[in-house]
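No lab work stands behind these numbers, since they all come straight from the coordinates. Owing to the predicted nature of the structure, the values given are computational and were not obtained by experimental measurement. Cβ coordinates were reconstructed from backbone atoms using ideal geometry, including for glycine residues, and neighbour counts include every protein chain displayed.
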Amino acid sequence: MTHVMEVCAFIGCGFLGFLALIILWKVFKGEINLNSLVSEANGEASMSRFQLLIFTFVVAIGILELIDKMNPAGFPPIPDGVLTLLGISASTYAVGKGISYSQPQLMKPTPTDAGGAQQAAQDATTQADVALAAADQATAAASAIAGHVETIKTSADDAKNAAKAAQDASAAAAGHVETIKASADDAKNAAVAALAAAAAATAAKTATGNANDPNNSPDPGTETGGQQ
Amino acid sequence: MTPGHILHLELLGFIYCFAALVAFQIFTRRINMVGLLSQMGNDTNVSPGRVQLLLATIAVSATYLSAVASWKSGSVPDISSNWIHIFGGSGGIYAIEKAWVAWKQSKST
């Protein structure tokens, strides 16, 4: 049972941490808009809201810093002075809000007054910041794509050079084949000529032998046998 | 590392990160601070009530944070009654001035 409780506690810690991270990320990206965190309804910043914000942070950080150092560990009792301070701050905020909303004509945001213009300027600044961040991301992506294109171009150039070299090698090989073929033809012709010359020489020798031999028989078989 | 320690670290990290984000957005003007020290409905006039409230807020905050930083043992450090009186008076002055300005403006309109 104790192990189950511990696992549940760890799961709860993980869930809360994940939730905190999501909130912080959305605030950082501007998806949770804090533009009017300390603003009144008419667009002007409120000192009482700002004061309450500061005190909330100060007291929260102070108590959280001390909780871990406490012995025995545990949530400490909050002193009356701190509670009074927070009470005064919250009361100031509430009274200020009541005074502001008791005068509805003062709380209407008008685009022509300075407050409205400043609010619009703030909104435009926020949107410009978001657009600037998007432009930065687009620039980074374009740079990455340009790098890839350069790599592809280099590879294409390499492939083109390789193809050209292969083509040159093929042409050179074809030239060599042609030369070899011509040489073979020449050798063949020379061999044919040599055979013809040899046959002529044999014929001439035979004719000379027959002419010198008085017992020469006109019988070609005898002639052939004598040669053998 | 117990779940209690993890939770404590998570809370501390969240508070610090959130405070840093708010401070960053204030400095980069993403959080509207126009008219913080001005009178209600009049951006040109600085309001003394708001200025003194800001000073009192900073003073009390710094005092309490220094007490936390120098804490050794015992319970959570308290704030002296003098500071509470100062702060209550400051808040009262701010509220009275705001009510006065609102009343004047409603009378003029």
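Some observations on this one:
- Structure-based [θ]222 nm, chain A - -39500 (n - 2.57) summed over DSSP H runs of at least 4, per residue, nearest 500: -29000 deg cm²/dmol
- Highest-first arrangement of A:190-197, B:7-14, where packing means the average Cβ count within 10 Å: B:7-14, A:190-197
- Counting Cβ atoms of other protein chains within 10 Å of each Cβ in B:48-57 and taking the mean gives 3.
- Mean partner shielding of peptide B:14-27, defined as the number of other chain Cβ atoms within 10 Å of each residue Cβ, is 5.
- Measuring nothing but alpha carbons in the stretch B:35-108 and taking Rh as the Kirkwood radius, the Rg to Rh ratio lands at 1.16.
- Computing Rg and the Kirkwood Rh from the Cα coordinates of the protein assembly as shown gives a ratio, Rg/Rh, of 1.73.
- q = 0.13, 0.18, 0.21 Å⁻¹, the stretch A:45-106: log10 I(q)/I(0) [Debye, one scatterer per Cα]: -0.46, -0.71, -0.84
- Whole-angstrom gap from the stretch A:16-74 to the stretch B:1-54, using each part's C-alpha centre: 8 Å
- Computed over chain B: relative contact order in percent, which uses C-alpha pairs under 8 Å that are six or more apart: 22 percent
- Note, ³J(HN,Hα) from phi for the stretch B:93-109, Karplus 6.51, -1.76, 1.60, rounded to Hz, x at Gly and Pro: 4, 4, 5, 5, 5, 5, 5, 5, 5, 5, 5, 4, 5, 5, 6, 6, 8
- Neighbour-count ranking [beta-carbon atoms within 10 angstrom, fewest first] of B:W71, B:W103: B:W103, B:W71
- For B:C17, A:C13, the sequence from fewest to most other C-beta atoms within 10 Å is B:C17, A:C13.
- Percent of alpha-carbon pairs separated by more than 15 Å within the stretch A:162-202: 60 percent
- The peptide list B:18-30, A:140-152, put in order of mean Cβ contacts within 10 Å with the highest first, becomes B:18-30, A:140-152.
- Interchain or long-range residues, amide H under 5 Å from A:S39's placed H: A:S46
- Considering only A:A41, A:A200, A:A90, the mean-square fluctuation computed in a Gaussian network model of chain A, springs between alpha carbons under 10 angstrom, is largest for A:A200.
- Each residue of the stretch A:191-201 is assigned a 3J(HN,Hα), and the resulting list reads 5, 4, 5, 5, 5, 4, 5, 5, 5, 5, 5 Hz, derived from the Karplus form 6.51 cos²θ - 1.76 cosθ + 1.60 (θ = phi - 60°), x at Gly and Pro.
- Note that the stretch B:78-85 has calculated 3J(HN,Hα) couplings of 9, 10, 5, 5, 4, 5, 5, 5 Hz, one per residue in order, obtained from phi through the Karplus relation 6.51 cos²θ - 1.76 cosθ + 1.60 (θ = phi - 60°); glycine and proline are x.
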